[in-house]
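Peer 1: Okay, here's the structure, questions in a sec.
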């Protein structure tokens, strides 16, 4: 090497460093400390496990940092665990990491070394990072770091990621380890296990499958070895090989399923006797005191309900003004943009009613998502969420869910989107799937305007405020009543879940770190806008087009003519007034508005959506819907709250009506079935119809953003499955409601 | 990939005392785990291993799940799982 220019990257450029550790070890804090804002959240290919990657610059060289999902063991049971193995073995696009940063809580070493010693078999250069070191110092525990270093064979660095203490030493150690790597001393397996591993490796070699030691261990020890499915070999051959090897182990009185745990724990036992002699005296006294209160048989649930109530109050009261602000901003932008495209009505309508409306309908969800996620992050980071799950588990276990479903489901009462996103905290994939599937049945706040409109128009005037309140409550319960048996059916029949064990550690309570919460909110928010945004946005454009086209100019002229003729015949205006109006229509804004509404309404009637409404109406005839209600229902599939403004347009009141609008209520009440229909002359809206519409909206998946988020969190099949299933349930529910209503009311 | 059947593990003296049978705040030692599926590996990874001391802390207000202390950590476990952990009272 003669002349290396300063700009040329040195030899050790751009390495990949993976952070491995159990949950609650402060991994994310450490990751945030190392990467700061240079991080992003995505999904691992094919699974719904979050992939946190970021960049960190050490001495001028930028390295990739991967924060692996927190997991207790490498036995690949959950998607998280599978991702950890696959990432560590380089099965995703990136290579095997160059350095493994193993994070442990020094006071939980016994349990957490288990994962580290499993990972040792991979032979990846490693560093052990002992986070929460301040706790060791505070308890004045005698922790023999040098023994741990000697026994494990890798550098062991104490840090406190929360305060930042020890991070410099950690960074120095990372750089040193990248230059002169060392690997963790492996377990010395007993001869029978050693032989069994070799048997499996040789058996694999015979069919040209190359196994490393870590894979062989997983195949020998795991009940459902995920790695086996990744390798290309004959199933019966594999089955026999593993079965024979395990039988031989069994004959030597070694249980293959327990052997690994027994061996690793024996090793940890001897190790800890030297490293942390007074281990048992170290349980957290503060956590114990707090748990006396938070898991108290009476006080616990009361505190929990109070807390959840507080959270939702805040979500409602804080998000409301911001949502109004976003809505106001949307209208403001629309007003500014509208005149700019006055020359081309198609572009104008597409930009104003399609694009800006679409963007607005995505952004409007952000405040609720961020506020709810703020609380969820705080509850999780403090360690309270595990207590809540413990308290609530019994109420969910009967239908195959577990205590962790509570927060996602109750969140869905505000909005299913943050609710579904919150379901990520559920480890068991089947429970998570079921929770997400039933979440949209919870009556979200976007359904409220529909209830308010219809109850206000048809139930309150007849039965009074008390029954109006009962109806509103009923609408919020009907989804829950459907969701419970659906969850039960999905778990017991479709997924054949045998009731997954609900094992959960209650971590020590701790103070959350504000930057961690902030970074998580930014990442989640950005992700929602990027991924759900694109889908809901395109659906909105499609619905706009269906409501806009075709648009023959002749129709407007025809409607104007009819309007003037009617004005003339009505005789409410003098001839002079009429002439003045025809001369200068703009000076009669009210007349102009009603003419415009009439034209809009006529356009909708003959638009693709209008025709579709008439075509589909027979499907809803049993529920008592006419074609106008059907158009309202169809066009609110991207976002249910759209129904109010669509109804406004259809009933020629303009799009700017809201749920409290007296005009809309009056017009709806006066609608009659037209000549030539079976119910000619009868009113369209009666109480059974109003109830049927509300039940339809309560049960239907009319939310593009929810479908989008479901497809991201699960997959397209479940997302569309949910869409069609809920639409079907809603349809049946509406028919049942109408028919029963006609019998009894 | 088909599941591979397992046999019982260190669970001879039935009817045995299980973790679910302990009284509040009672300590015991794990004698064995009735192994059925791979999910027991999670139990073992959590530290539920023969020879380990374990303490029943309390049950949830709705009677299930229960809180147990294993080593220096607190774990929530459903009764149905606790019933598969055979324990012996400390002498």
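None of the figures in this text is laboratory data; all of them are computed from the coordinates on show. Please read these numbers as outputs of a predicted model, since none were measured by experiment. Glycine also receives a Cβ, built like all others from the backbone with ideal geometry; neighbour counts cover every protein chain displayed.
Peer 1: Would you tell me the mean number of C-beta atoms belonging to other protein chains that fall within 10 Å of each C-beta in A:231-240, as a whole number?
Peer 2: 1
Peer 1: Turning to a different aspect of this structure: Between residue A:235 and residue A:395, take the C-beta separation as r, use R0 = 45 Å, and let me know the FRET efficiency to the nearest 0.05.
Peer 2: 0.65
Peer 1: Something else now. Please average, across the residues of A:287-298, the number of beta carbons from any other chain that are within 10 Å of each residue's own beta carbon, and give a whole number.
Peer 2: Counting other chains' Cβ atoms within 10 Å and averaging over A:287-298 gives 2.
Peer 1: While we're on this one: Counting other beta carbons within 10 Å of each Cβ, put A:130, A:37 in order, fewest first.
Peer 2: Starting with the residue having the fewest Cβ neighbours, the order is A:37, A:130.
Peer 1: Relative to the first principal axis of the alpha-carbon coordinates of chain A, what is the inclination of helix A:191-206, with its axis defined by its Cα atoms, in degrees from 0 to 90 and to the nearest 10?
Peer 2: Once rounded, one gets 60 degrees.
Peer 1: According to a simple spin-label model (label point 7 Å from Cα along Cα-to-Cβ), what is the distance in nm between residue A:678 and residue A:566?
Peer 2: Computed distance between label sites residue A:566 and residue A:678 equals 2.9 nm.
Peer 1: What nm value, rounded to one decimal, do you get for the distance between residue A:521 and residue A:545 when each label is placed 7 Å out toward the C-beta?
Peer 2: In this crude label model, residue A:521 to residue A:545 measures out at 3.8 nm.
Peer 1: Helix A:167-179 sits at what angle to the longest principal axis of chain A, using alpha carbons and giving 0 to 90 degrees rounded to 10?
Peer 2: Helix A:167-179 sits roughly 70 degrees off the main axis of chain A.
Peer 1: Any chance you could run the full-extension gain for residue A:250 through residue A:195? It's 0.36 nm times the residue separation minus the Cα-Cα distance, nm to one decimal.
Peer 2: Taking 0.36 nm per residue and subtracting the Cα distance, the gain is 18.5 nm.
Peer 1: Something else about it: From the alpha carbon gyration tensor of the range A:582-626, can you work out the equivalent ellipsoid semi-axes (sqrt of 5 times each eigenvalue) and give them in Å, largest to smallest?
Peer 2: 33, 11, 5
Peer 1: Expressed as a whole number of Å, what is the distance separating the alpha-carbon centroids of the range A:150-213 and the range A:505-522?
Peer 2: Their Cα centres are 29 Å away from one another.
Peer 1: Let me ask something additional. What 222 nm value per residue comes from the helices of the protein assembly as shown, counting each DSSP H run with n ≥ 4 as -39,500 (n - 2.57) and dividing by all residues, nearest 500 deg cm²/dmol?
Peer 2: The helix-only estimate for the protein assembly as shown comes to -17500 deg cm²/dmol at 222 nm.
Peer 1: Moving to a separate point now. Percent of alpha carbon pairs in the range A:79-169 separated by more than 21 Å?
Peer 2: 36 percent
Peer 1: Tell me, what is a quarter of the convex hull surface for the C-alpha atoms of the range B:19-89, in nm² with one decimal?
Peer 2: 4.2 nm²
Peer 1: If the viscosity is 0.890 mPa s and the temperature 25 °C, what Stokes-Einstein diffusion coefficient in µm²/s follows for the range A:191-282 when Rh is the Kirkwood radius over Cα pairs?
Peer 2: 169 µm²/s
Peer 1: Then there is this: How far is helix A:256-275 tilted, in degrees, relative to the longest principal axis of the Cα atoms in chain A, given as a value from 0 to 90 rounded to the nearest 10?
Peer 2: So the helix axis and the longest Cα principal axis differ by about 70 degrees.
Peer 1: Please report, for the Cα atoms of the range A:228-298, the Rg to one decimal and the Dmax as a whole number; what are they, in angstrom?
Peer 2: 21.6, 57
Peer 1: Okay, moving on. Quick check: Cα centre of the range A:250-313 to Cα centre of the range A:402-449, how many Å?
Peer 2: Centre-to-centre (Cα) distance: 27 Å.
Peer 1: Modelling each spin label as a point 7 Å along the Cα-to-Cβ direction, I'd like the residue A:314/residue A:553 distance in nm, to one decimal.
Peer 2: So the label points at residue A:314 and residue A:553 sit 5.8 nm apart.
Peer 1: Normalised by the residues of the range A:191-282, what does the relative contact order come to in percent, with Cα pairs under 8 Å and at least six apart?
Peer 2: Relative contact order comes out at 27 percent.
Peer 1: Would you please report the Å³ per residue occupied by the convex hull of the alpha carbon atoms in the range A:259-343?
Peer 2: Expressed per residue, the convex hull around the Cα atoms of the range A:259-343 is 277 Å³.
Peer 1: So how much slack lies between residue A:576 and residue A:332, counting 0.36 nm per residue of separation and subtracting their Cα-Cα distance, in nm?
Peer 2: Full extension from residue A:576 to residue A:332 adds 84.1 nm.
Peer 1: OK, next. Which whole number gives the average count of other chain Cβ atoms within 10 Å of the Cβ atoms across peptide B:62-68?
Peer 2: 5
Peer 1: How many Å³ per residue does the convex hull of the Cα positions in the range A:16-179 occupy?
Peer 2: Here the figure is 108 Å³ per residue.
Peer 1: Follow-up question, since we're still on this one. Any idea what Rg and Dmax come out to for chain A if you just take the C-alpha atoms, in Å?
Peer 2: For chain A, the Cα radius of gyration and maximum Cα-Cα distance read 31.9, 111 Å.
Peer 1: Okay, next question. When the Kirkwood radius is taken over all Cα pairs of the range A:103-257, what Stokes-Einstein diffusion coefficient follows at 20 °C and 1.002 mPa s, in µm²/s?
Peer 2: Roughly 120 µm²/s, to the nearest whole number.
Peer 1: Restricting everything to alpha-carbon atoms, can you work out Rg to Rh for the range A:594-652 with a Kirkwood hydrodynamic radius?
Peer 2: When Rh is taken as the Kirkwood radius, the ratio is 0.97.
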